[in-house]
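Following: one structure in C-alpha coordinates, then a few remarks.
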Amino acid sequence: MDRKADIGLIGLAVMGQNLVLNMNDNGYTVAVHNRTTAKMEDFLAGPAKGTSVVGAETLEGLVGMLESPRRVMLMVKAGPVVDSYIEQLIPLLDKGDIVIDGGNSHYPDTERRVKELEKHGLLFIGTGVSGGEEGARTGPSIMPGGASQAWPAVKPIFQAIAARASDGTPCCDWVGDGGAGHYVKMVHNAIEYGDMQLIAEAYQIMHELLGMSHTEMADVFGAWNQGRLESYLIEITSDILRTVDEDGSPLLENILDAAGQKGTGKWTVVDAANLGIPVTLIAEAVFARSLSALKEERVKAAEILGEPKNSSAVLGSGDRDAMLADLEAAVFAAKITSYAQGFMLIREAARENNWTIDFGAVAGMWRGGCIIRSAFLGDITEAYDKNPELQNLLLAPVFATATRDSVPAWRRAVTRAIGAGVPVPALGAALSFFDGYRTQRLPANMLQAQRDYFGAHTYERTDKPRGEYYHTNWTGSGGAVSAGTYNA
Ligand code: NBP
(Lines give C-alpha, C1' and ligand atoms only; values in the text may rest on other atoms or scores of the structure.)
Protein backbone atom coordinates (compact mmCIF):
# COMPACT_ATOMS: atom_id res chain seq x y z
CA MET A 1 0.00 0.00 0.00
CA ASP A 2 1.63 3.26 -1.19
CA ARG A 3 -0.32 5.73 0.83
CA LYS A 4 -2.06 5.40 4.13
CA ALA A 5 -5.80 4.93 4.36
CA ASP A 6 -8.10 7.89 5.03
CA ILE A 7 -10.30 6.03 7.48
CA GLY A 8 -10.55 2.64 9.18
CA LEU A 9 -13.86 0.83 9.54
CA ILE A 10 -14.50 -2.03 11.92
CA GLY A 11 -17.54 -4.25 11.42
CA LEU A 12 -18.30 -5.67 8.02
CA ALA A 13 -21.97 -6.61 8.30
CA VAL A 14 -24.57 -5.06 6.01
CA MET A 15 -24.10 -1.44 7.14
CA GLY A 16 -20.31 -1.53 7.37
CA GLN A 17 -19.76 -3.11 3.96
CA ASN A 18 -22.04 -0.65 2.20
CA LEU A 19 -20.56 2.41 3.92
CA VAL A 20 -17.07 1.25 2.95
CA LEU A 21 -18.08 0.90 -0.71
CA ASN A 22 -19.77 4.32 -0.57
CA MET A 23 -16.58 5.90 0.87
CA ASN A 24 -14.53 4.16 -1.81
CA ASP A 25 -16.83 5.52 -4.55
CA ASN A 26 -16.19 8.99 -3.18
CA GLY A 27 -12.43 8.63 -3.50
CA TYR A 28 -11.50 7.66 0.06
CA THR A 29 -9.17 4.79 0.83
CA VAL A 30 -10.67 2.64 3.57
CA ALA A 31 -8.89 0.09 5.76
CA VAL A 32 -11.26 -2.52 7.17
CA HIS A 33 -11.33 -5.06 9.98
CA ASN A 34 -13.88 -7.58 11.17
CA ARG A 35 -13.93 -9.94 14.15
CA THR A 36 -14.50 -12.91 11.85
CA THR A 37 -11.65 -12.62 9.38
CA ALA A 38 -13.30 -14.93 6.84
CA LYS A 39 -16.11 -12.38 6.39
CA MET A 40 -13.54 -9.67 5.69
CA GLU A 41 -11.79 -11.90 3.16
CA ASP A 42 -15.09 -12.66 1.43
CA PHE A 43 -15.78 -8.93 1.27
CA LEU A 44 -12.36 -8.10 -0.16
CA ALA A 45 -12.60 -10.88 -2.73
CA GLY A 46 -16.25 -10.08 -3.50
CA PRO A 47 -17.98 -6.68 -3.35
CA ALA A 48 -14.72 -4.81 -2.66
CA LYS A 49 -12.70 -6.51 -5.39
CA GLY A 50 -11.02 -3.95 -7.66
CA THR A 51 -11.46 -1.12 -5.14
CA SER A 52 -8.79 0.55 -3.01
CA VAL A 53 -10.20 -1.03 0.18
CA VAL A 54 -7.54 -2.80 2.25
CA GLY A 55 -8.00 -5.37 5.00
CA ALA A 56 -6.32 -5.80 8.38
CA GLU A 57 -6.53 -9.01 10.35
CA THR A 58 -5.67 -7.27 13.61
CA LEU A 59 -6.56 -3.95 15.19
CA GLU A 60 -2.84 -3.12 15.42
CA GLY A 61 -2.59 -3.70 11.69
CA LEU A 62 -5.62 -1.51 11.03
CA VAL A 63 -4.36 1.39 13.15
CA GLY A 64 -0.94 1.16 11.47
CA MET A 65 -2.55 1.67 8.06
CA LEU A 66 -4.20 4.98 8.93
CA GLU A 67 -3.30 8.56 8.13
CA SER A 68 -2.90 10.85 11.17
CA PRO A 69 -5.03 11.98 12.91
CA ARG A 70 -6.49 8.50 12.67
CA ARG A 71 -10.18 8.11 12.05
CA VAL A 72 -11.60 4.74 13.14
CA MET A 73 -15.27 4.05 12.63
CA LEU A 74 -17.13 1.26 14.43
CA MET A 75 -20.11 -0.27 12.62
CA VAL A 76 -20.77 -3.12 15.03
CA LYS A 77 -23.62 -4.32 17.18
CA ALA A 78 -24.55 -1.63 19.71
CA GLY A 79 -23.81 -2.23 23.40
CA PRO A 80 -20.84 -3.97 25.06
CA VAL A 81 -19.20 -4.78 21.69
CA VAL A 82 -18.61 -1.05 21.16
CA ASP A 83 -17.03 -0.70 24.62
CA SER A 84 -14.84 -3.72 24.02
CA TYR A 85 -13.48 -2.26 20.77
CA ILE A 86 -12.93 1.14 22.39
CA GLU A 87 -10.96 -0.53 25.19
CA GLN A 88 -8.76 -2.33 22.67
CA LEU A 89 -8.26 0.79 20.54
CA ILE A 90 -7.27 3.20 23.34
CA PRO A 91 -3.71 1.87 23.80
CA LEU A 92 -3.19 1.73 20.02
CA LEU A 93 -4.18 5.33 19.28
CA ASP A 94 -2.37 8.68 19.74
CA LYS A 95 -3.67 11.93 21.18
CA GLY A 96 -6.03 13.69 18.78
CA ASP A 97 -7.09 10.47 17.02
CA ILE A 98 -10.81 10.03 16.44
CA VAL A 99 -13.10 7.09 17.21
CA ILE A 100 -16.55 7.13 15.59
CA ASP A 101 -19.44 4.89 16.58
CA GLY A 102 -21.95 4.66 13.73
CA GLY A 103 -24.19 2.01 15.32
CA ASN A 104 -27.55 2.51 17.00
CA SER A 105 -26.06 3.20 20.42
CA HIS A 106 -28.17 4.51 23.28
CA TYR A 107 -27.27 8.17 23.84
CA PRO A 108 -26.23 7.87 27.53
CA ASP A 109 -23.57 5.37 26.40
CA THR A 110 -22.34 7.94 23.89
CA GLU A 111 -22.26 10.66 26.55
CA ARG A 112 -20.15 8.35 28.71
CA ARG A 113 -17.81 7.36 25.87
CA VAL A 114 -17.15 10.97 24.82
CA LYS A 115 -15.99 11.73 28.38
CA GLU A 116 -14.02 8.51 28.73
CA LEU A 117 -12.06 9.03 25.52
CA GLU A 118 -11.45 12.67 26.35
CA LYS A 119 -9.51 11.47 29.41
CA HIS A 120 -7.16 9.68 27.03
CA GLY A 121 -6.77 12.69 24.72
CA LEU A 122 -8.96 11.00 22.11
CA LEU A 123 -11.98 12.43 20.32
CA PHE A 124 -15.22 10.45 20.17
CA ILE A 125 -18.10 10.91 17.78
CA GLY A 126 -21.39 9.04 18.17
CA THR A 127 -23.37 9.23 14.99
CA GLY A 128 -26.75 8.03 13.87
CA VAL A 129 -26.76 6.52 10.39
CA SER A 130 -30.15 6.04 8.81
CA GLY A 131 -31.31 4.55 5.56
CA GLY A 132 -30.58 0.85 5.99
CA GLU A 133 -28.57 -1.11 3.47
CA GLU A 134 -29.49 0.98 0.43
CA GLY A 135 -28.92 4.25 2.24
CA ALA A 136 -25.50 3.14 3.44
CA ARG A 137 -24.52 2.24 -0.10
CA THR A 138 -25.91 5.23 -2.00
CA GLY A 139 -26.24 7.98 0.61
CA PRO A 140 -27.56 7.75 4.16
CA SER A 141 -28.71 10.47 6.51
CA ILE A 142 -25.88 10.91 9.03
CA MET A 143 -26.39 12.59 12.43
CA PRO A 144 -23.03 13.08 14.20
CA GLY A 145 -22.49 14.43 17.70
CA GLY A 146 -19.82 14.25 20.41
CA ALA A 147 -16.40 15.91 20.50
CA SER A 148 -16.88 18.90 18.21
CA GLN A 149 -13.09 19.33 17.68
CA ALA A 150 -13.23 16.10 15.64
CA TRP A 151 -15.89 17.37 13.24
CA PRO A 152 -13.60 19.22 10.75
CA ALA A 153 -11.62 16.01 10.20
CA VAL A 154 -14.72 13.88 9.66
CA LYS A 155 -16.98 16.35 7.87
CA PRO A 156 -15.56 15.98 4.32
CA ILE A 157 -15.95 12.19 4.35
CA PHE A 158 -19.39 12.16 5.95
CA GLN A 159 -20.80 14.94 3.79
CA ALA A 160 -19.41 13.23 0.67
CA ILE A 161 -21.09 9.89 1.41
CA ALA A 162 -24.36 11.31 2.77
CA ALA A 163 -27.57 11.63 0.80
CA ARG A 164 -28.38 15.03 -0.69
CA ALA A 165 -31.63 16.88 -0.31
CA SER A 166 -33.32 18.17 -3.48
CA ASP A 167 -31.46 21.49 -3.14
CA GLY A 168 -28.12 19.66 -3.00
CA THR A 169 -27.51 20.10 0.75
CA PRO A 170 -25.84 17.03 2.30
CA CYS A 171 -28.12 15.19 4.74
CA CYS A 172 -25.40 15.36 7.37
CA ASP A 173 -24.38 18.15 9.67
CA TRP A 174 -23.05 18.52 13.18
CA VAL A 175 -25.84 17.89 15.67
CA GLY A 176 -24.23 18.83 18.98
CA ASP A 177 -22.07 17.79 21.93
CA GLY A 178 -22.07 14.51 23.84
CA GLY A 179 -24.84 12.12 22.90
CA ALA A 180 -26.78 14.67 20.80
CA GLY A 181 -26.22 12.80 17.51
CA HIS A 182 -27.48 9.51 18.85
CA TYR A 183 -30.35 11.29 20.63
CA VAL A 184 -31.54 12.83 17.38
CA LYS A 185 -31.22 9.45 15.65
CA MET A 186 -33.28 7.86 18.44
CA VAL A 187 -36.07 10.43 18.02
CA HIS A 188 -35.83 10.01 14.23
CA ASN A 189 -36.52 6.29 14.67
CA ALA A 190 -39.42 7.03 17.02
CA ILE A 191 -40.94 9.47 14.53
CA GLU A 192 -40.56 6.68 11.98
CA TYR A 193 -42.68 4.44 14.28
CA GLY A 194 -45.32 7.20 14.28
CA ASP A 195 -45.33 7.71 10.50
CA MET A 196 -45.61 3.95 9.97
CA GLN A 197 -48.48 3.59 12.45
CA LEU A 198 -50.42 6.45 10.82
CA ILE A 199 -50.07 4.73 7.45
CA ALA A 200 -51.10 1.39 8.97
CA GLU A 201 -54.24 2.99 10.42
CA ALA A 202 -55.10 4.61 7.08
CA TYR A 203 -54.67 1.20 5.42
CA GLN A 204 -56.96 -0.46 7.97
CA ILE A 205 -59.65 2.18 7.46
CA MET A 206 -59.44 1.83 3.68
CA HIS A 207 -59.45 -1.95 3.84
CA GLU A 208 -62.06 -2.60 6.51
CA LEU A 209 -64.24 0.48 6.63
CA LEU A 210 -64.15 1.47 2.98
CA GLY A 211 -63.88 -2.10 1.64
CA MET A 212 -61.22 -1.11 -0.89
CA SER A 213 -59.21 -3.54 -3.01
CA HIS A 214 -55.44 -3.62 -2.79
CA THR A 215 -55.07 -2.00 -6.20
CA GLU A 216 -57.45 0.78 -5.19
CA MET A 217 -55.53 1.34 -1.96
CA ALA A 218 -52.20 1.33 -3.85
CA ASP A 219 -53.61 3.98 -6.19
CA VAL A 220 -54.69 6.18 -3.28
CA PHE A 221 -51.28 6.00 -1.60
CA GLY A 222 -49.71 6.64 -5.01
CA ALA A 223 -51.86 9.77 -5.38
CA TRP A 224 -51.03 10.88 -1.82
CA ASN A 225 -47.37 10.56 -2.76
CA GLN A 226 -47.88 13.23 -5.42
CA GLY A 227 -49.13 15.71 -2.81
CA ARG A 228 -48.21 17.10 0.59
CA LEU A 229 -47.75 13.58 2.04
CA GLU A 230 -44.97 12.82 -0.47
CA SER A 231 -42.52 10.59 1.35
CA TYR A 232 -40.54 7.39 1.10
CA LEU A 233 -42.89 5.53 3.48
CA ILE A 234 -46.03 6.48 1.51
CA GLU A 235 -44.25 5.46 -1.70
CA ILE A 236 -43.25 2.00 -0.41
CA THR A 237 -46.75 1.49 1.02
CA SER A 238 -48.15 1.80 -2.49
CA ASP A 239 -45.58 -0.73 -3.74
CA ILE A 240 -46.35 -3.11 -0.86
CA LEU A 241 -50.07 -2.99 -1.65
CA ARG A 242 -49.39 -3.91 -5.29
CA THR A 243 -47.17 -6.87 -4.44
CA VAL A 244 -48.74 -10.29 -4.88
CA ASP A 245 -47.81 -13.67 -3.43
CA GLU A 246 -46.95 -16.73 -5.52
CA ASP A 247 -50.66 -17.58 -5.86
CA GLY A 248 -51.48 -14.07 -7.09
CA SER A 249 -53.16 -12.93 -3.86
CA PRO A 250 -52.00 -9.74 -2.08
CA LEU A 251 -48.83 -10.67 -0.19
CA LEU A 252 -49.69 -8.21 2.58
CA GLU A 253 -52.67 -10.30 3.70
CA ASN A 254 -50.42 -13.33 4.17
CA ILE A 255 -48.12 -11.48 6.58
CA LEU A 256 -48.76 -12.12 10.28
CA ASP A 257 -50.07 -9.04 12.10
CA ALA A 258 -47.55 -9.15 14.96
CA ALA A 259 -45.04 -6.29 14.77
CA GLY A 260 -41.46 -6.42 15.99
CA GLN A 261 -39.38 -3.60 17.45
CA LYS A 262 -35.75 -3.19 18.35
CA GLY A 263 -35.85 -0.57 21.10
CA THR A 264 -35.35 2.98 19.87
CA GLY A 265 -39.10 3.68 20.07
CA LYS A 266 -39.20 2.40 23.64
CA TRP A 267 -36.08 4.40 24.59
CA THR A 268 -37.77 7.53 23.26
CA VAL A 269 -40.97 6.98 25.22
CA VAL A 270 -39.05 6.24 28.43
CA ASP A 271 -36.91 9.32 27.94
CA ALA A 272 -39.94 11.47 27.14
CA ALA A 273 -41.64 10.24 30.32
CA ASN A 274 -38.52 11.12 32.32
CA LEU A 275 -38.42 14.60 30.79
CA GLY A 276 -42.20 15.12 31.08
CA ILE A 277 -42.74 15.63 27.34
CA PRO A 278 -46.03 14.30 25.93
CA VAL A 279 -44.96 12.41 22.80
CA THR A 280 -48.39 10.80 22.71
CA LEU A 281 -48.41 9.70 19.08
CA ILE A 282 -45.01 8.03 19.31
CA ALA A 283 -46.07 6.31 22.55
CA GLU A 284 -49.24 5.01 20.90
CA ALA A 285 -47.21 3.80 17.92
CA VAL A 286 -44.85 1.88 20.23
CA PHE A 287 -47.74 0.40 22.22
CA ALA A 288 -49.68 -0.44 19.03
CA ARG A 289 -46.76 -2.71 18.13
CA SER A 290 -46.86 -4.21 21.64
CA LEU A 291 -50.61 -4.84 21.33
CA SER A 292 -50.16 -6.38 17.90
CA ALA A 293 -47.55 -8.74 19.31
CA LEU A 294 -50.19 -10.25 21.65
CA LYS A 295 -51.57 -12.12 18.64
CA GLU A 296 -52.77 -15.30 20.35
CA GLU A 297 -54.31 -13.36 23.23
CA ARG A 298 -56.13 -11.07 20.77
CA VAL A 299 -57.55 -14.04 18.88
CA LYS A 300 -58.91 -15.43 22.15
CA ALA A 301 -60.24 -12.02 23.21
CA ALA A 302 -62.01 -11.64 19.86
CA GLU A 303 -63.94 -14.84 20.64
CA ILE A 304 -64.87 -13.81 24.18
CA LEU A 305 -65.40 -10.09 23.72
CA GLY A 306 -66.57 -10.12 20.10
CA GLU A 307 -64.79 -8.37 17.23
CA PRO A 308 -65.85 -4.85 16.28
CA LYS A 309 -68.25 -5.22 13.36
CA ASN A 310 -66.41 -3.20 10.75
CA SER A 311 -68.04 -4.76 7.72
CA SER A 312 -71.53 -3.47 8.57
CA ALA A 313 -70.12 0.03 8.33
CA VAL A 314 -68.69 -0.28 4.80
CA LEU A 315 -69.41 2.96 2.98
CA GLY A 316 -70.74 3.61 -0.52
CA SER A 317 -68.48 5.10 -3.20
CA GLY A 318 -69.60 8.73 -2.75
CA ASP A 319 -68.97 8.51 0.95
CA ARG A 320 -65.73 6.76 0.16
CA ASP A 321 -64.25 9.67 -1.78
CA ALA A 322 -65.23 12.08 0.98
CA MET A 323 -63.76 9.78 3.62
CA LEU A 324 -60.51 9.40 1.66
CA ALA A 325 -60.17 13.17 1.46
CA ASP A 326 -60.79 13.39 5.22
CA LEU A 327 -58.27 10.63 5.83
CA GLU A 328 -55.56 12.37 3.84
CA ALA A 329 -56.08 15.54 5.86
CA ALA A 330 -56.15 13.54 9.12
CA VAL A 331 -52.88 11.75 8.33
CA PHE A 332 -51.21 15.04 7.38
CA ALA A 333 -52.36 16.89 10.51
CA ALA A 334 -51.43 13.95 12.75
CA LYS A 335 -48.01 13.79 11.10
CA ILE A 336 -47.40 17.48 11.81
CA THR A 337 -48.45 16.88 15.43
CA SER A 338 -46.10 13.91 15.71
CA TYR A 339 -43.10 15.89 14.43
CA ALA A 340 -44.05 18.76 16.73
CA GLN A 341 -43.97 16.32 19.66
CA GLY A 342 -40.63 14.88 18.51
CA PHE A 343 -39.08 18.34 18.30
CA MET A 344 -40.53 19.24 21.73
CA LEU A 345 -38.61 16.27 23.07
CA ILE A 346 -35.34 17.12 21.31
CA ARG A 347 -35.65 20.69 22.57
CA GLU A 348 -36.14 19.59 26.17
CA ALA A 349 -33.32 17.01 25.97
CA ALA A 350 -31.01 19.69 24.58
CA ARG A 351 -31.92 21.98 27.48
CA GLU A 352 -31.42 19.19 30.02
CA ASN A 353 -28.06 18.06 28.57
CA ASN A 354 -26.71 21.49 27.55
CA TRP A 355 -26.59 20.61 23.86
CA THR A 356 -26.86 23.41 21.32
CA ILE A 357 -29.00 21.97 18.55
CA ASP A 358 -30.02 23.64 15.32
CA PHE A 359 -33.54 22.21 14.86
CA GLY A 360 -33.79 23.36 11.25
CA ALA A 361 -30.54 21.55 10.45
CA VAL A 362 -31.89 18.39 12.10
CA ALA A 363 -34.99 18.43 9.88
CA GLY A 364 -32.66 19.15 6.95
CA MET A 365 -30.62 16.02 7.70
CA TRP A 366 -33.79 13.92 7.49
CA ARG A 367 -34.76 15.25 4.05
CA GLY A 368 -32.85 12.57 2.19
CA GLY A 369 -31.35 9.12 2.72
CA CYS A 370 -33.41 8.08 5.71
CA ILE A 371 -36.67 6.23 6.14
CA ILE A 372 -38.70 9.31 7.15
CA ARG A 373 -37.46 11.40 4.20
CA SER A 374 -40.26 13.53 2.88
CA ALA A 375 -41.09 16.79 1.18
CA PHE A 376 -42.63 18.16 4.36
CA LEU A 377 -39.30 18.19 6.24
CA GLY A 378 -38.27 21.11 4.02
CA ASP A 379 -41.15 23.12 5.54
CA ILE A 380 -39.87 22.30 9.04
CA THR A 381 -36.38 23.52 8.17
CA GLU A 382 -37.90 26.69 6.72
CA ALA A 383 -40.03 27.26 9.83
CA TYR A 384 -36.97 27.02 12.11
CA ASP A 385 -34.85 29.12 9.74
CA LYS A 386 -37.50 31.85 9.93
CA ASN A 387 -37.70 31.60 13.70
CA PRO A 388 -34.92 29.62 15.45
CA GLU A 389 -36.60 30.35 18.81
CA LEU A 390 -39.88 28.76 17.70
CA GLN A 391 -41.42 27.31 20.87
CA ASN A 392 -43.40 24.61 19.10
CA LEU A 393 -43.69 23.59 15.45
CA LEU A 394 -47.48 23.76 15.73
CA LEU A 395 -47.14 27.50 16.32
CA ALA A 396 -45.25 28.13 13.06
CA PRO A 397 -47.72 29.92 10.75
CA VAL A 398 -47.47 27.28 8.00
CA PHE A 399 -48.28 24.40 10.39
CA ALA A 400 -50.81 26.36 12.46
CA THR A 401 -52.80 26.99 9.28
CA ALA A 402 -52.45 23.42 8.01
CA THR A 403 -53.55 21.80 11.27
CA ARG A 404 -56.37 24.27 11.96
CA ASP A 405 -57.72 23.83 8.44
CA SER A 406 -57.57 20.04 8.77
CA VAL A 407 -59.46 19.79 12.04
CA PRO A 408 -63.00 19.18 10.69
CA ALA A 409 -61.78 16.43 8.33
CA TRP A 410 -59.46 14.98 10.98
CA ARG A 411 -62.30 14.82 13.50
CA ARG A 412 -64.67 13.22 10.97
CA ALA A 413 -62.08 10.57 10.04
CA VAL A 414 -61.37 9.68 13.67
CA THR A 415 -65.01 9.59 14.78
CA ARG A 416 -66.00 7.54 11.71
CA ALA A 417 -63.27 5.00 12.48
CA ILE A 418 -64.14 4.83 16.16
CA GLY A 419 -67.82 4.49 15.33
CA ALA A 420 -67.04 1.51 13.14
CA GLY A 421 -64.72 -0.13 15.66
CA VAL A 422 -61.52 0.44 13.70
CA PRO A 423 -58.80 1.28 16.25
CA VAL A 424 -56.98 4.52 15.45
CA PRO A 425 -54.59 5.03 18.37
CA ALA A 426 -52.17 7.34 16.55
CA LEU A 427 -54.70 9.42 14.59
CA GLY A 428 -56.85 9.72 17.72
CA ALA A 429 -54.01 10.45 20.18
CA ALA A 430 -52.68 13.18 17.91
CA LEU A 431 -56.11 14.81 17.70
CA SER A 432 -56.55 14.66 21.49
CA PHE A 433 -53.10 16.18 21.93
CA PHE A 434 -53.87 18.89 19.42
CA ASP A 435 -57.16 19.71 21.16
CA GLY A 436 -55.46 19.61 24.58
CA TYR A 437 -52.55 21.78 23.48
CA ARG A 438 -54.89 24.55 22.33
CA THR A 439 -57.27 24.29 25.30
CA GLN A 440 -56.79 27.13 27.78
CA ARG A 441 -58.44 25.31 30.67
CA LEU A 442 -57.91 21.56 31.01
CA PRO A 443 -59.51 19.48 33.77
CA ALA A 444 -56.24 19.34 35.68
CA ASN A 445 -57.92 21.47 38.36
CA MET A 446 -59.84 18.29 39.22
CA LEU A 447 -56.60 16.28 39.32
CA GLN A 448 -55.00 18.81 41.63
CA ALA A 449 -58.07 18.82 43.89
CA GLN A 450 -58.00 15.03 44.09
CA ARG A 451 -54.26 15.01 44.79
CA ASP A 452 -54.72 17.53 47.55
CA TYR A 453 -57.77 15.66 48.92
CA PHE A 454 -56.08 12.28 49.32
CA GLY A 455 -52.44 13.26 49.66
CA ALA A 456 -52.29 16.90 50.78
CA HIS A 457 -50.21 17.59 47.67
CA THR A 458 -51.38 21.25 47.53
CA TYR A 459 -52.52 23.25 44.50
CA GLU A 460 -52.01 26.65 42.89
CA ARG A 461 -54.99 29.01 42.57
CA THR A 462 -56.29 30.82 39.49
CA ASP A 463 -56.63 34.03 41.53
CA LYS A 464 -53.10 33.94 42.97
CA PRO A 465 -49.60 34.15 41.39
CA ARG A 466 -47.99 30.95 40.08
CA GLY A 467 -45.70 29.29 42.59
CA GLU A 468 -47.93 29.88 45.62
CA TYR A 469 -49.32 26.61 46.95
CA TYR A 470 -52.49 26.04 48.98
CA HIS A 471 -53.95 23.15 50.90
CA THR A 472 -57.58 22.58 51.85
CA ASN A 473 -58.77 20.40 54.70
CA TRP A 474 -61.36 18.76 52.41
CA THR A 475 -62.99 16.41 54.94
CA GLY A 476 -62.63 18.54 58.02
CA SER A 477 -60.87 15.62 59.71
CA GLY A 478 -57.40 15.99 58.16
CA GLY A 479 -54.70 18.15 59.64
CA ALA A 480 -53.36 21.38 58.21
CA VAL A 481 -50.08 19.69 57.23
CA SER A 482 -49.42 19.46 53.49
CA ALA A 483 -47.02 17.24 51.54
CA GLY A 484 -44.06 18.81 49.77
CA THR A 485 -44.82 19.73 46.17
CA TYR A 486 -43.22 17.72 43.49
CA ASN A 487 -43.43 17.26 39.77
CA ALA A 488 -43.35 13.78 38.34
P1 NBP B 1 -25.01 -5.98 13.24
O2 NBP B 1 -25.70 -5.06 14.19
O3 NBP B 1 -25.65 -7.26 12.92
O4 NBP B 1 -23.53 -6.23 13.81
C5 NBP B 1 -22.68 -7.09 13.11
C6 NBP B 1 -21.23 -6.71 13.34
O7 NBP B 1 -20.94 -6.74 14.74
C8 NBP B 1 -20.31 -7.71 12.68
O9 NBP B 1 -19.17 -7.04 12.23
C10 NBP B 1 -19.98 -8.65 13.84
O11 NBP B 1 -18.79 -9.35 13.67
C12 NBP B 1 -19.85 -7.64 14.95
N13 NBP B 1 -19.89 -8.29 16.26
C14 NBP B 1 -20.91 -8.90 16.91
BR15 NBP B 1 -22.59 -9.12 16.25
N16 NBP B 1 -20.58 -9.36 18.11
C17 NBP B 1 -19.28 -9.06 18.24
C18 NBP B 1 -18.34 -9.25 19.29
N19 NBP B 1 -18.71 -9.84 20.42
N20 NBP B 1 -17.10 -8.82 19.09
C21 NBP B 1 -16.73 -8.21 17.95
N22 NBP B 1 -17.58 -7.97 16.92
C23 NBP B 1 -18.84 -8.39 17.07
O24 NBP B 1 -24.65 -5.23 11.87
P25 NBP B 1 -25.44 -4.13 11.01
O26 NBP B 1 -26.85 -4.55 10.77
O27 NBP B 1 -24.57 -3.84 9.86
O28 NBP B 1 -25.49 -2.87 11.96
C29 NBP B 1 -24.33 -2.23 12.47
C30 NBP B 1 -24.77 -1.13 13.41
O31 NBP B 1 -25.55 -0.18 12.66
C32 NBP B 1 -25.67 -1.59 14.53
O33 NBP B 1 -25.46 -0.83 15.68
C34 NBP B 1 -27.06 -1.33 14.00
O35 NBP B 1 -28.02 -1.14 15.04
C36 NBP B 1 -26.84 -0.05 13.21
N37 NBP B 1 -27.78 0.17 12.11
C38 NBP B 1 -28.24 -0.86 11.36
C39 NBP B 1 -29.11 -0.62 10.30
C40 NBP B 1 -29.62 -1.74 9.44
O41 NBP B 1 -30.50 -1.48 8.61
N42 NBP B 1 -29.10 -2.96 9.56
C43 NBP B 1 -29.50 0.68 10.03
C44 NBP B 1 -28.98 1.74 10.79
C45 NBP B 1 -28.13 1.46 11.83
P46 NBP B 1 -18.81 -10.83 13.03
O47 NBP B 1 -18.92 -10.65 11.56
O48 NBP B 1 -17.52 -11.39 13.45
O49 NBP B 1 -20.00 -11.54 13.61
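The values are calculated or read from the model by the stated rules, or taken from the named source; none is laboratory data. The structure displayed is predicted, hence computed values, not measured ones. Quick reminder, even Gly has a Cβ in these numbers, built from the backbone with ideal geometry, and neighbours come from all protein chains shown. When the accessible area is computed, the model is the full protein with side chains, heavy atoms only, and any ligands, DNA or RNA have been set aside. Shrake-Rupley method; radii C 1.70, N 1.55, O 1.52, S 1.80 Å.
Given the whole protein assembly as supplied and a 1.4 Å probe, what does the accessible area of R441 come to in Å², nearest 10?
150 Å²
Given the whole protein assembly as supplied and a 1.4 Å probe, what does the accessible area of K39 come to in Å², nearest 10?
My reading of the accessible area for K39 is about 110 Å².
May I ask you to rank V244, V154, V81 by accessible area, largest first, using a 1.4 Å probe over the protein chains only?
Descending order: V244, V81, V154.
Rounded, prolate or oblate: which fits the stretch 186-437 when a ≥ b ≥ c are the square roots of the eigenvalues of the alpha-carbon gyration tensor, with rounded for a/c under 1.5 and prolate only if a/b beats b/c?
It is prolate, given that a/c is not under 1.5 and a/b is the larger ratio.
With an 8 Å Cα cut-off and a minimum separation of 6 or more residues, compute the relative contact order for the chain in percent.
Worked out over the chain, it gives 13 percent.
For R373, list long-range residues whose amide hydrogen, built 1.01 Å from N in the peptide plane, is under 5 Å from its own amide hydrogen.
Correct list: Y232.
Can you compute the FRET efficiency between E307 and S249 using 1/(1 + (r/R0)^6), with r the Cβ-Cβ distance and R0 = 25 Å? Round to the nearest 0.05.
Approximately 0.70, to the nearest 0.05.
Please compute the per residue accessible area over the stretch 7-178 with all protein chains in place, 1.4 Å probe, rounded to a whole number of Å².
40 Å²
As a quick test, which of the pairs K266/K335; K95/K185; K115/K335; K185/K335; K95/K115; K4/K95 have an alpha carbon distance above 25 angstrom in this structure?
K95/K185; K115/K335, as the Cα separations exceed 25 Å there.
Calculate what fraction, in whole %, of the accessible area of the chain sits on carbon and sulfur atoms when a 1.4 Å probe is rolled over the protein chains.
52 percent
Among K155, K115, K295, K335, what's the order by accessible area (1.4 angstrom probe), most exposed first?
Solvent-accessible surface, decreasing: K115, K155, K295, K335.
Averaged per residue, what accessible area in Å² does the stretch 443-488 show with a 1.4 Å probe, protein chains only?
Each residue of the stretch 443-488 exposes 77 Å² on average to a 1.4 Å probe.
Sorted by accessible area (1.4 Å probe), largest first, how do E235, E111 line up?
So, going from the largest accessible area down, we get E235, E111.
Can you give the charge dipole size of the stretch 186-437 about its Cα centre, rounded to the nearest 20 debye, using +1 on the beta carbon of Lys and Arg and -1 on the beta carbon of Asp and Glu?
Its charge dipole is roughly 600 debye.
How would you classify the stretch 162-207 from its alpha-carbon gyration tensor, with a ≥ b ≥ c the square roots of the eigenvalues: rounded for a/c under 1.5, else prolate if a/b is greater than b/c, otherwise oblate?
Since a/c reaches 1.5 but b/c is at least a/b, the shape of the stretch 162-207 is classed as oblate.
Can you tell me how the chain classifies by the Cα gyration tensor, rounded, prolate or oblate, using a/c under 1.5 as the rounded cut?
Because a/c hits 1.5 or more and a/b fails to exceed b/c, the chain counts as oblate.
How much mean residue ellipticity at 222 nm does the chain get from its helices, if each DSSP H run of length 4 or more adds -39500 (n - 2.57) and you divide by all residues, to the nearest 500 deg cm²/dmol?
So the calculated ellipticity at 222 nm is -16500 deg cm²/dmol.
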